[in-house]
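First the structure, in the form of structure tokens, and then the observations on it.
Since every read-out is calculated from the coordinates, none of them should be taken as a lab result. Values in this document were obtained by computation on a predicted structure and should not be read as measured data. We place every Cβ from the backbone using ideal geometry, glycine too, and count neighbours over all the protein chains shown.
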Ligand SMILES: *[C@@H]1O[C@H](CO)[C@@H](O)[C@H](O)[C@H]1NC(C)=O
């Protein structure tokens with residue numbers, strides 16, 4: 001038997017073994033090479049027909065990290081009732097520039113362009129373009145902040161608002177955000193595929209992330225179970241959003257979004273303040289604003305340049321700035337940053353790095369555009385000049401860092417969430433039933449809530 005043949009047979013055996021294991025663990029391979037979430041086991045996403053109060057919203061959904069679909073809550077809103085394309089185009093302020101993507105199937109490598117909002121509206125029906133940008137200033141007075149977020153105590157936690165506008169047919173990658181998200185549908189409909197990250201201790205999330213940035217390279221139209229076996233095991237929640245619906249997606253929940261028909265949605269990202277937010281009573285929320293529209297609020301990420309955008313998108317507020325930013329900050333103190341400088345800082349940052357020296361030189365090599373062995377002001381200027389260059393470099397540095405770290409943030413968040421969820425159940429703020437749907441057996445044992453310590457109570 002020649003070498004080719006034996007190799008063929010060997011890989012055949014491996015495939016058969018693999019297939020039979022896969023078949024054992026989930027009956028069949030239904031869904032293989034099919035769109036994401038089209039087969040498998042499912043969970044029900046909680047549904048309410050009106051906005052819950054701030055307190056309920058945080059205790060039952062935000063703090064424990066449980067998604068929620070709010071049906072029909074905005075059917076009578078100004079954007080649904082009064083916005084149309086001729087209003088957009090004829091408004092004198094619609095010259096404001098917005099970021100437009102050229103492909104509808106999201107591809108995070110493709111560069112984006114900036115055009116006047118008016119031009120986008122004139123062209124989006126005939127061209128394959130997609131607006132992903134902050135809500136234009138002149139439209140903000142028409143958009144109410146989703147009701148449960150109208151609370152003084154959380155105003156400083158608002159990170160960003162984004163308008164997603166297209167003629168339908170867009171598909172996002174499977175990804176997770178480092179922020180909590182409320183997305184509201186003002187035109188058209190969406191199907192959102194959610195993956196429950198809470199019930200499992202699996203490392204499935206590591207397996208699906210091909211490139212750091214918390215998104216997966218999986219083809220969402222044809223999910224390859226051979227390459228991503230965990231996607232055959234995981235539990236999906238399918239949410240169909242119609243005009244007037246809002247959806248809460250907790251931070252770090254993997255999701256994939258498909259839009260249909262002429263489509264306009266706006267989402268608000270806000271940080272997770274965990275236990276600080278278990279008691280948002282009306283008194284604590286303060287007096288409601290007379291006009292709780294987006295123009296009345298400050299969003300942390302507004303009008304920021306690429307560098308501070310990146311800084312803000314670090315996982316959770318209060319955490320260390322991402323490496324590339326930290327290095328640029330070091331540049332302010334020193335005129336140049338060397339491998340030794342990075343090494344010193346990196347060792348303090350993480351004790352679990354496998355080879356900090358190696359990592360430090362890789363980082364310097366990535367950021368050292370002029371190839372003089374250090375990161376200096378000239379490198380910085382070049383990165384500032386070209387946003388895309390900076391983002392690519394930042395991505396690469398992050399990628400390098402993550403390869404040297406054993407612990408993924410998802411695990412930590414999952415642990416913190418579980419603790420807080422038990423606490424909420426113990427205090428009677430969240431029902432055992434609701435918590436169990438998402439956390440499974442991790443909440444109760446023999447009628448007792450697990451993990452109860454004196455200090456937690
Ligand atoms: C478009 O919206 C404006 C402002 O709400 C309204 O006055 C106008 O009648 C609408 N036009 C159409 C064609 O619906």
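Computed values, structure above
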{"item": "Ranked packing of 247-257, 123-133, most packed first, by mean Cβ within 10 Å", "result": "247-257, 123-133"}
{"item": "Hypothetical label at residue 284: residues of region 137-180 whose amide nitrogen lies under 19 Å (7 Å Cα-Cβ projection)", "result": "147-158, 180"}
{"item": "Region 86-178: C-alpha pair distances exceeding 16 Å, %", "result": "62"}
{"item": "Residue 293/residue 344 FRET efficiency (R0 51 Å; Cβ-Cβ; nearest 0.05)", "result": "0.60"}
{"item": "Gap separating the Cα centres of region 213-244 and region 59-78, nearest whole Å", "result": "22"}
{"item": "Residue 82-residue 152 pseudo-label distance in nm [points 7 Å out on the Cα-to-Cβ vector]", "result": "2.8"}
